[in-house]
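Notes for the one structure printed next.
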Amino acid sequence: MTNTNDNIDAINVLVVGSGGREHALCWALRKSTRVGKLYCAPGNGGIANVAHRVNLGAGDTDEILLMCRDLKIDFVVVGPEAPLVEGMVDRLDAAGIASFGPSAAAAQLEGSKAFTKELCDRYNIPTAAYGRFDNATDAKSYVNQKGAPIVVKADGLAAGKGVTIAKTIDVALIAIDKIFDGQFGDAGNEVVIEEFLEGEEASFFVLADGENVLELETAQDHKAVGDGDTGPNTGGMGAYSPAPVMNTPMRARVMEEIIKPTVNGMAKDGAPYKGVLYAGLMITDAGPKLIEYNVRFGDPECQVLMARLDCDLLPLLMASHDGTLDKVTAEWKSDVALTVVMASKGYPGPYEKDTLIRNIDAADKVDQVTVFHAGTALEGGKFRASGGRVLNVTALGRTVADAQARAYEAVDQINWPSGFCRRDIGWRAIERENAESA
Ligand code: AMP
């Protein structure tokens, strides 16, 4: 690997967040020879193995700033979207503390769907045709005029729950009422209504430093709670990397048609984009189209990316902050990585908390497997579930089928009667592998 930071002294790093994504980031950063002390605020039960936990939440910006001084933190990695949209990076900048992530102005790429749609209009970035409305009457007449299927979205951050894929006009009209009835708070002050796109979805990750772009890797996730991609949507029940649909020509097309115009456009508009840019794409018959941007690593996609990363993560994140991404390269294992999310029974609806989980160690010992923790608490040496999505059992393999077999071998070591997982993560890619080898 080449990088600009060969001579830096060990530096102290703080990761902000508490999910499987943050465990994976801490795990990758812990392997860096350049990281001195590693902290995570607030972290979770499993993160304690790789980083010192600090009892502050992602919303406690004032306290985090003070703590950075006390603990001599040199670099902060902000994991989740909410503190980015609320301006944590701007506050850190003002305090002279280097960090990884976009400013509040640039985080609008995730914070407002209407913002991103208008950027796409200005810079000719392919995306679904749309209308945006601040009242139900106009939104409904647009739906009546366009017909179904159609997609209704709350404008702001709604933790992945503000999107309705309406197969009928009636469902779309009800979704519009729900948004304007205040179900999503301020996120529902406006609605974006989109053409329904058909094709295969994929996620593409890049780092940007305001000007330069470094391609990372691709992934595909499973949002639905049930096998065969059925049932309600969740934060993600599993993922794998790479996404087979994102072959080399498609990646080049996405870079030219979507990513570069976005990063150049943001710079031109006075909100240069720094951090990881995660493009949610639909690969349609007419080519790639942008569904949405996220301004952070995906969760659970980060887990599979970190499992495949074959170089030091820290210099890449620092180059994004320093504006030197043109001077670094990223190396990746050619293996496939696949992660299975184990969740509390009942999720994404109500679920029991504080249930005992045994034998995580045995799962971790399976060859090529790492168990990342999301909603766990460590009490008296025992792990308990403290959230909906709880563990991310992540495996490497030569093929998706290999990685899947290893991941489920490890899942089956875990003794957690109150938990469940999907049994078919990666099924589409495995069908494709089987078809190609037939
Ligand atoms: P978003 O929060 O915008 O990513 O939407 C959540 C999910 O809804 C996406 O991952 C897609 O599966 C689906 N989706 C969003 N917009 C569209 C669209 N215009 N056409 C088809 N599916 C969509």
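Numbers for the structure displayed
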| read-out | value |
| --- | --- |
| Semi-axes of the equivalent ellipsoid for the chain, Cα gyration tensor, largest first, Å | 31, 27, 23 |
| Q183 versus K37: modelled label distance in nm, points set 7 Å from Cα along the beta carbon direction | 4.6 nm |
| Mean projected area in nm² (Cα convex hull; one quarter of hull surface) for the range 169-312 | 10.7 nm² |
| For L391, distant residues with modelled amide H under 5 Å away | M342, A374, G375 |
| Part-to-part distance (alpha-carbon centres) for the range 279-293 and the range 85-144, which is given in Å | 17 Å |
| Volume per residue of the C-alpha convex hull in the range 106-254, rounded to whole Å³ | 132 Å³ |
| In order through the range 173-182: 3J(HN,Hα) via Karplus (6.51 cos²θ - 1.76 cosθ + 1.60), integer Hz, x for Gly, Pro | 5, 5, 4, 5, 4, 4, 5, 7, 6, x |
| E195, E81, ranked by accessible area, largest first (probe 1.4 Å) | E195, E81 |
| Calculated from backbone phi, Karplus (6.51, -1.76, 1.60) coupling profile of the range 104-109 in Hz, x at Gly/Pro | 4, 5, 6, 5, 4, 4 |
| Two-decimal ratio, the range 61-135, of alpha-carbon radius of gyration to 2.2 N^0.38 Å | 1.42 |
| Convex hull volume per residue in cubic angstrom - Cα atoms of the range 268-421 | 183 Å³ |
| The chain: most fluctuating residue of A377, A148, A410 per GNM, C-alpha cutoff 10 Å | A148 |
| Residue among I174, I291, I425 with the largest mean-square fluctuation in a Gaussian network model of the chain, springs linking Cα atoms under 10 Å | I174 |
| Whole-number Å³ per residue for the convex hull built on Cα positions in the range 166-242 | 168 Å³ |
| Amide proton proximity set for Q183, modelled H, under 5 Å, gap of 5+ | none |
| R53 long-range amide H proximity, modeled H, under 5 Å | C40 |
| 222 nm mean residue ellipticity, helices alone, for the chain (DSSP H n ≥ 4; -39,500 (n - 2.57); rounded to 500) | -8500 deg cm²/dmol |
| Principal axes of the range 223-287: Cα extent on each, largest first, Å | 44, 26, 21 |
| Nearest-10 value in Å² for the accessible area of D138, using the 1.4 Å probe | 80 Å² |
| Portion, in percent, of the accessible area of the chain that falls on carbon or sulfur, probe 1.4 Å | 46 percent |
| Over the range 194-233 - Rg/Rh using Cα atoms and the Kirkwood inverse-distance radius | 1.14 |
| Whole-number accessible area per residue in Å² for the range 279-375, which is evaluated in the context of all protein chains at 1.4 Å | 35 Å² |
| Cα gyration tensor category, rounded, prolate or oblate, for the range 8-95 with a/c compared to 1.5 | oblate |
| Average Cα contact separation per residue, the chain, under 8 Å, 6 or more apart, as relative contact order % | 17 percent |
| Of T370, T230, T394, the one that fluctuates the most in a GNM where the chain has Cα springs shorter than 10 Å | T230 |
| Between the range 364-401 and the range 14-37, the Cα center-to-center distance that results, in Å | 16 Å |
| Under Karplus coefficients 6.51, -1.76 and 1.60, residue-wise ³J(HN,Hα) of the range 400-407 in Hz, glycine/proline x | 5, 4, 4, 5, 5, 4, 5, 4 |
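The values are calculated or read from the model by the stated rules, or taken from the named source; none is laboratory data. Only a predicted model underlies this, so the values are computations on that prediction, with no experimental measurement involved. Virtual Cβ from ideal backbone geometry, glycine too; neighbours counted across all protein chains shown. The accessibility values were calculated without ligands, DNA or RNA, using every heavy atom of the protein model including side chains. Shrake-Rupley method; radii C 1.70, N 1.55, O 1.52, S 1.80 Å.
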